[in-house]
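*Asks:* This is the structure, below, for whatever I ask next.
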Amino acid sequence: MKHPIKHPAFYMDSSACTGCKTCMVACVDGRNLPEGVLWRRVAEYSGGDWIRGADGSWSHSVFAYYVSVSCNHCEAPACMAVCPAQAVSKDENGIVRIDPALCTGCGRCRKHCPYSAPCFDKKLRVMTKCDGCADRLAAGKQPLCVESCPMRALRFGEYEELKERFGDAGHIAPLPEQALTRPRLLFTPPRAAGTHTSRGTVANPEEM
């Protein structure tokens, strides 16, 4: 299924995201995903501490922000490299797909994906994942997660065009280093970006 975007990428403005999870809900509802299958997830990353100054006064370094992430249709997808059934491939549009006819449901793709993007469908007994809403792209529409975001914090389009327009903060905690798979993922940094963000934790690990 062809669409005009040849080097697809997601862009996320973490400074605008409120953590409402509308993107996640729209994906689940619009793609009719079964219970426990999340193709897009929203991490709440927070941390910080109270600091006592030499004069006895207190200040804090508390921070919190949100990161919405799905499959990033990487340049070097780890899921494709480890699939024993060759069920994972990158199509002519740059979208990483899983062929359900070939997939055995072994889960190696999820285990090796730094973003844990592939999900096991218990009913179908295969792995599934975000395909960028390829059917919508072919119709000239945006992915459901992008269209549903009330803060317009998500965008989808040509990688270089998005990078030129919005820039790229590169690595943002708690996501893995981008050098691992070279994801097609761009960020505007959260307002809390700085020296403290590397010392936070994911506050909702049960959803990740």
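*Asks:* Find the residue count for the stretch 36-73, including only residues that are of a type outside the set (D, E, K, R) and within 15 Å of Cys145 (Cβ to Cβ). Give the derivation first.
*Replies:* Residues of the stretch 36-73 of a type outside the set (D, E, K, R): 36-39, 42-43, 45-48, 50-51, 53-54, 56-73.
Narrowing the set further to residues that are within 15 Å of Cys145 (Cβ to Cβ) leaves 37-39, 42-43, 66-73.
Residues meeting the conditions: 13.
*Asks:* Got a sec? Which strands (runs of 3 or more DSSP E) wholly within the stretch 46-92 have at least 1 residues that are of a type outside the set (Asp, Glu) and in contact (Cβ under 8 Å) with a residue 12 or more places away in the chain?
*Replies:* Ranges flagged: 58-60, 63-69, 88-90.
*Asks:* Could you run through the stretch 153-193 and say how many residues are within 15 Å of the chain's Cα centre (by Cα), aliphatic (A, V, I, L, M), farther than 25 Å from Asp49 by Cα and surrounded by 17 or more Cβ atoms within 10 Å (Cβ to Cβ)?
*Replies:* Residues meeting the conditions: 4.
*Asks:* Is it true that Cys145 is free of Cβ contacts under 8 Å to residues at least 40 places away in the same chain, not acidic (Asp, Glu) and not in a loop (DSSP other than H, G, I, E, B)?
*Replies:* no
*Asks:* Follow-up question, since we're still on this one. I'd like the full set of residues that are open to solvent by 10 Å² or more (accessible area, probe 1.4 Å), of a type in the set (A, V, I, L, M, F, W, C) and assigned to a loop (DSSP other than H, G, I, E, B), limited to the stretch 109-132.
*Replies:* Residues satisfying the conditions are Cys113, Leu124, Cys130.
Let's see how each residue does on (1) under 13 Å from the mean Cα position of the chain (by Cα); (2) among the hydroxyl-bearing types (Ser, Thr, Tyr):
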position	(1), (2)
Met12	yes, no
Ser15	no, yes
Met24	yes, no
Asn32	no, no
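The values are calculated or read from the model by the stated rules, or taken from the named source; none is laboratory data. Given the structure is predicted, the values throughout are model-derived calculations rather than measurements. Positions of Cβ are backbone-derived with ideal geometry, glycine not excepted, and every protein chain shown enters the neighbour counts. For accessibility, only protein heavy atoms count, side chains too; no ligands or nucleic acids. Shrake-Rupley method; radii C 1.70, N 1.55, O 1.52, S 1.80 Å.
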